[in-house]
Structures are given as structure tokens and as C-alpha cells.
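Okay, structure first, notes after.
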Amino acid sequence: MLIPTEYAAEEARIKAAYAHRDTTPEILKRESYFDPACLFMMQEQERKILALLRRYRRDDLANQKILEVGCGTGGNLRRLIKWGARPENVSGLDLLPENIDQARRLSPNGVSLHCGNAANIPFPDGSFDLLVQATVFSSILDPRMKQWIAREMLRVLKAGGAILWLDFFFNNPKNPDVRGVGRKEIRTLFPDCIAKVSRVNLAPPLVRLLAPRSWLFCDILAGLAFLDTHYLGLFFVKHQNHVS
């Protein structure tokens, strides 16, 4: 499947916005597990993702074929393996070659890694039991490309499979390269899916302020949904004939 030429400008914008992002000192510090705020956010995510997978009986990761769309340097892929997924059943796709190079260096043998645009996922129809996307759609500003990627994700999803979604719904006034994705837009992107969605992730500015001082206070505030910034959910296709 060829990617429409009108998406070339959006692809170039994304590449420019995220090239070398993970090498800047500020980002490296914020995404280090030795940083209390990062550690709190990652542990909160892990608890809630695992609880969600368990609740909907998707916790047998060893027997699922898994693809992460927008895998970055493979952090989530390695988390999935830590949770029980087999490396040979885990695949990642990312737009930036430097991310894929880093993911290859860090990931176990057997993980399948591909560089390319998620508007053209390089796998046959019905290849995966579980698809994962984390803050990919909020990084895309062109609504047409979002629709195309959503269709591709559904195409490679097996009948009875699920999509694990983690993305923020607030706009970040300090970052014009991202745009929050709300419930209405999720329904537009995946109209044939049942979406089990909840609010998670205590607002990062609060976590960065409070985590070094009081872990307990962060835990208490994390239970207040109105302070959360992300949607976490599982999407299930309503019927099998979901791709034309």
C-alpha cells in the first residue's frame, strides 16, 4: 500500500520535530528512572496498564503477537517482554531510523523492528492479537494521516484482537508539535470499536513538583481523575468485517 503523497509534508514535520529529541539533556533527565517524577509516572502507568489487561483477560502476553506503532527506542517493547511477552512475538515500528537503531541495540534478540510510516504498516492483514500506541496520535497534526493510520492498525489486527491506547487529551501550550486527542476524536478514528477508556497520569508538572518531596501526596492526587492528562484504554472491534 502506498502512502498518499499529501502526507509527505506531515511526515517531514514529524521527523524534524522529533529528530534527536531523546538526546537533549532536559529530555534525558526527565526520562531517566533515577528522576523521581519519571519513576512515579512510569510506575503509575505500569500498574494501570497491567490492571486493564488483567480486567479484560488480555494478560496472557506470552501467547499474543504484539505490535507497537511508534515504538521509539523500544521502551514499551521491553516492558511488554518483562510482563511476559516473548521477544519473537513482539514487533515495533517507528518513523525515525535513529530510534530503530537504538531499539535494536537495547532489545532482546528476536524482537522484530521496522522503520517506516505507520500509514503503511509492513505486515499482512490480521497479523496481531494486540496493538499498542502510546502518544503517537497526539504527535500527528494532520487528521487525514490519523485516519489512515487508524485504518492500518485495524487492518493488521486479528479478529478478536485489541488495541492498547495511551495518549494525552490536553493540548500542551509549550509544545506546538502535539495536540491532545479527546474521546470524540477517538470515536471518529475508531468508529467500529468499543473503547474502554479511563483517565490516568497525574499532570506531569504536578508530578515534577511533588514527587521529589512527597511520593504519598502524588499517590493521593493520582486518584483524582480531574488532575489526569491521559486516556488509557483498550479498543475492541465490534464485528469481524471491520476493514473494507
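Among L131, L227, L141, L189, which is surrounded by 18 or more Cβ atoms within 10 Å (Cβ to Cβ) and more than 17 Å from E68 (Cα to Cα)?
The unique qualifying residue is L189.
How many residues does region 164-197 hold that are under 21 Å from R47 (Cβ atoms) and touching a residue at least 60 places away in the same chain (Cβ under 8 Å)?
Residues that pass the stated criteria total 7.
Any chance you could count how many residues in region 20-44 are at pLDDT below 65, loosely packed, with under 10 Cβ neighbours inside 10 Å and closer than 23 Å to V200 by Cβ?
0
Can you spot a residue in region 147-158 that is touching a residue at least 40 places away in the same chain (Cβ under 8 Å), part of a strand (DSSP E or B) and under 28 Å from E10 (Cβ atoms)?
yes
On the given criteria, is S112 free of Cβ contacts under 8 Å to residues at least 60 places away in the same chain, farther than 19 Å from C193 by Cα, among the hydroxyl-bearing types (S, T, Y) and crowded, with 21+ Cβ neighbours inside 10 Å?
no
The values are calculated or read from the model by the stated rules, or taken from the named source; none is laboratory data. Nothing here was measured: the structure is a model prediction, and the numbers come from that model. Glycine also receives a Cβ, built like all others from the backbone with ideal geometry; neighbour counts cover every protein chain displayed.
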